[in-house]
1. Given the structure, is Thr197 farther than 17 Å from Ala327 by Cβ, in contact with an Asp or Glu (Cβ under 7 Å, 6 or more places away or on another chain) and at pLDDT 95 or above?
2. Ser101: buried (at least 19 other Cβ atoms within 10 Å of the Cβ) and either within 16 Å of ligand 1 (Cβ to nearest atom) or under 31 Å from the mean Cα position of the chain (by Cα) (or both), yes or no?
3. What is the one condition in (1) surrounded by fewer than 17 Cβ atoms within 10 Å (Cβ to Cβ); (2) farther than 27 Å from Lys30 by Cβ that Leu127 does not satisfy?
4. Tell me whether segment 219-226 contains one or more residues that are among the hydrophobic types (A, V, I, L, M, F, W, C) and modelled with pLDDT of 90 or more.
5. Tell me yes or no: at least one residue of segment 23-38 is aliphatic (A, V, I, L, M) and farther than 26 Å from Gln146 by Cβ.
6. I'd like the full set of residues that are among the β-branched types (Val, Ile, Thr) and in contact (Cβ under 8 Å) with a residue 40 or more places away in the chain, limited to segment 232-264.
7. Give me the residue from segment 130-167 that is within 16 Å of ligand 1 (Cβ to nearest atom) and part of a loop (DSSP other than H, G, I, E, B) and, out of that set, surrounded by the most Cβ atoms within 10 Å (Cβ to Cβ).
Amino acid sequence: MITYEDVTKIFGGGPDAVTALKDVSFEIEKGNLVIFLGPSGCGKTTLLRLTNRLLTLTRGSITVNGQDVMSADPVKLRQSMGYAIQQIGLFPNKTIADNISTVPRLLGWDKKRIQERVDELLSMVQLEPSAFRDRFPAELSGGQQQRIGVARCLAADPEILLMDEPFGAIDPINREEIQNEFLRLQRKLKKTIAFVTHDIHEAIKMGDKIAIFQDGKLVQYDEPETMLAQPKNHYIADFVGADRALKVLGLIHVEEVMDRNPPNVVKHDTMAGDALKFLEEKSFRHLVVLKRGKALGYVHPRQLKHESASVADLAVPYPVKVDADMALKDVMSFMLMHDMRVLAVMDGDGNFAGTVTYDQIQKRILEIYSGEDEKATEENPK
Ligand SMILES: Nc1ncnc2c1ncn2[C@@H]1O[C@H](COP(=O)(O)OP(=O)(O)O)[C@@H](O)[C@H]1O
Ligand SMILES: [Mg+2]
């Protein structure tokens, strides 16, 4: 756990003094990934560098697992935290393997353990170990070098990671993959991570919590969903973006809104005429056709008129597979693309698990955003 209490950092003195951080207080819980977010110059890097004592506090305190960093041995403190810096900072005259294993070597790990660790980390950052371990930094692209920086910060398996825009130089496609890989790893390892970015998408995707800064002050500290749903003032609302309703859909999963026992289902051997009657009686516009627990597809009133076959012969297969873990953003995208307001949800065995509808999604969004306008006005009376 990392605790920041009234953290203040002033660079220089006299008329040229710069207050980089002012009375910042919050806590990073053990095992959480916390994002430091805000525009350039708001103090994110300074806060990281205060945490591992590369900078000295002006006022306030920072404690790591109960220990005040200002009274810790700075070398030990730094070895106990992985640090990936914005400018990457690899040693140009050392191989990739040696760069990655800097801290393990300082800690006296044996050779075999170091080699295994290097290969494991190279794979994690999606670089083929045999192709990369003996190269030098100058032979790598900026994005590849940055991945080495991330591998290096994880090398000695520190409990705490400080990461300063660690994926900023990686191209968008590889960045997406590395973010995913990193999140998978984090779910297993549960490191305590302070992660700087100025990219709102990365923040929402990666963060357990997000701290948004403005001119050295902490403006809001919340979970991503809360940040999107209840921005504290107009600064935060602008920062998270006008499309925040769409962004929040990326955080909610089908299981939160799906209907597990929808009434609009029919068995495959139902005749078209009976199905049509059922639809009209209940004013449904969509029926899921089920056969032995699986969704064969769906039927609409239009398809059933003047037909004498069973619904099994008439059912149109669902164009996409939807499962309970899927983000509503992706479901919504399917709905728009295929012009459908209802989709069937499948469980791990491919069995029908329920339905997800456009109306359910919209209802959830309206619940999340209800009362937001009043809040913004209260905070910033015109
Ligand atoms: N060593 C320094 N000396 C003087 N001013 C500094 C120094 N480092 C950072 N600053 C100033 O502190 C503020 C915060 O900087 P920084 O923490 O690097 O912001 P961020 O990482 O959010 O872009 C900026 O105004 C920056 O110019
Ligand atoms: Mg910075």
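The values are calculated or read from the model by the stated rules, or taken from the named source; none is laboratory data. All values derive from a computational prediction rather than experimental measurement. Don't worry about glycine lacking a Cβ; one is built from the backbone with ideal geometry, like all the others, and counts go over all protein chains shown.
1. No; evaluated as a whole, the condition is false for this residue.
2. When the stated conditions are applied, Ser101 passes them.
3. The single condition Leu127 does not satisfy is (1).
4. yes
5. Among the residues of segment 23-38, at least one is aliphatic (A, V, I, L, M) and farther than 26 Å from Gln146 by Cβ, which makes the answer yes.
6. Across segment 232-264, the qualifying residues are Val240, Val248, Ile252, Val254, Val257.
7. Here the answer is Pro166.
Let's see how each residue does on (1) within 14 Å of ligand 1 (Cβ to nearest atom); (2) over 20 Å from Gln214 (Cα atoms):
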position: Thr3; (1), (2): no, no
position: Pro15; (1), (2): yes, yes
position: Ile28; (1), (2): no, no
position: Pro39; (1), (2): yes, no
position: Asn65; (1), (2): no, yes
